[in-house]
Amino acid sequence: MFVVHVQVHVKPECVDAFKAATMENARNSVQEPGIARFDVVQQLDDPTHFVLVEVYRTPDEPARHKETSHYQVWRDTVADMMSEPRGSVKYANVFPDDSGWG
């Protein structure tokens, strides 16, 4: 599995609109065969901070995800809602080990 954490800081007046657009993207994303999981979490003590936890079956899947129309609609819709550019960190899962190594 290939895991991406996308950090997003949203303008306070855009939180509800961001959540709606992001949940629509997430609903469509979990239908993609290359996505094992797609979580949207909101920080409790800072409701303008979100993390998208995207779990892909292979490292090639994020590129495929970015080609989908629902991702492109989300990207364009939320671009002006962010208070700063979003960032991401990529991870390899250790447990559960789906690689066949363990």
Choose one of Ala79, Val55, Ala20: the residue whose Cα lies farthest towards the positive end of the charge dipole of region 16-102 (beta-carbon charges +1 Lys, Arg; -1 Asp, Glu; about the Cα centre). Val55
Mind checking the alpha-carbon convex hull of the chain and giving the volume per residue in Å³? 98 Å³
I'd like the orientation of helix 15-29 relative to the chain: the angle between its Cα long axis and the longest Cα principal axis, in ° from 0 to 90, rounded to 10. 30 degrees
Mind checking the full-extension length gain between Arg75 and Ala20? Use 0.36 nm per residue of separation minus the Cα-Cα distance, one decimal, nm. 18.5 nm
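Using unit Cβ charges (K, R positive; D, E negative) and no other charged atoms, how large, in debye to the nearest 20, is the dipole of the chain about its Cα centre?
I would put it at about 160 debye.
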Mean Cα-pair separation over length for region 2-83, i.e. relative contact order, pairs under 8 Å, 6 or more apart, %: 41 percent
Provide the per-residue ³J(HN,Hα) series for region 51-63, in order, calculated from phi with Karplus coefficients 6.51, -1.76, 1.60 and θ = phi - 60°, each as a whole number of Hz, with x at glycine and proline positions. 10, 9, 9, 10, 10, 9, 6, 9, x, 7, 5, x, 5
Quick check: the angle from helix 69-78's long axis to the longest principal axis of the chain, C-alpha only, nearest 10 degrees? 40 degrees
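Every read-out reported here was derived from the displayed coordinates using simple, explicitly stated rules and does not represent laboratory data. Because the structure is predicted, anything quoted here is derived from the model rather than measured. A quick note on method: Cβ atoms are made from the backbone with ideal geometry, for glycine too, and the neighbour counts reach across all protein chains shown.
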